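K.L.:
Before we start, here is the structure in question, set down as structure tokens.
The values are calculated or read from the model by the stated rules, or taken from the named source; none is laboratory data. Everything numeric here is computed off the predicted structure, so don't read it as measured data. Cβ coordinates were reconstructed from backbone atoms using ideal geometry, including for glycine residues, and neighbour counts include every protein chain displayed.
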Amino acid sequence: MARVRGFKEEDAEVVAKLSNANSHLFQFPHVTPEFLKNFTDHPKFQMFVIEECKRITGFCGVNFENPREAELGPICVEEGKRSQGLGTMLVNEIFQFLKPRNPEKIIIKVKASNMGGQKFFEKLGFEALSGDICCGEPAILMGREYGL
């Protein structure tokens, strides 16, 4: 059974491997465990992992530095585990985490080539807000009101 929990330092190696295996989806094409440890030490960033049978199969982060607007990402579910509700579990956990912070809006930047990511966020109520650039590629800024 899958469960979502907070990222721990000892998760960094597994999360880095999962991220790097899906690097075409991300802003940072190659991450190291040290990079993740430093990134997750930021006081206005939180990362969660999804764990099945003591094995990490996905992760999602949220930046809540702006009190009015939280930004999701990175988010990834292992390729063979997609379309099973795990990504939704991760996003729902982040929504609960943000409850005391009560941002007005949640945003995410999705590469234009990532049609699966766009469809996933549309199912969660996100809409395209504007075009953007991510790693020199066209991207779409998507958002939705926070209201649970």
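K.L.:
Looking at segment 80-148, what strands (runs of 3 or more DSSP E) fall wholly within it and have at least 2 residues that are at pLDDT below 90 and either among the aromatic types (Phe, Trp, Tyr) or surrounded by fewer than 12 Cβ atoms within 10 Å (Cβ to Cβ) (or both)?
P.N.:
Output list reads 127-134.
K.L.:
Considering only segment 70-116, how many residues are touching a residue at least 60 places away in the same chain (Cβ under 8 Å), among the aliphatic types (A, V, I, L, M) and out of contact with any Cys (no Cβ under 9 Å at 6 or more places or on another chain)?
P.N.:
Residues meeting the conditions: 3.
K.L.:
Of all residues in segment 22-61, which are farther than 12 Å from Phe7 by Cα, in contact (Cβ under 8 Å) with a residue 24 or more places away in the chain and among the β-branched types (Val, Ile, Thr)?
P.N.:
Across segment 22-61, the qualifying residue is only Thr57.
K.L.:
Name the residues in segment 11-69 that are acidic (Asp, Glu), in contact with a strand residue (DSSP E or B) (Cβ under 6 Å, 6 or more places away or on another chain) and closer than 27 Å to Glu137 by Cα, would you? First the steps, then the outcome.
P.N.:
Just the residues of segment 11-69 that are acidic (Asp, Glu), to begin with: 11, 13, 34, 41, 51-52, 65, 69.
From the residues that got through so far, the ones that are in contact with a strand residue (DSSP E or B) (Cβ under 6 Å, 6 or more places away or on another chain) too are 11, 51-52, 69.
The answer is Glu69, and nothing else.
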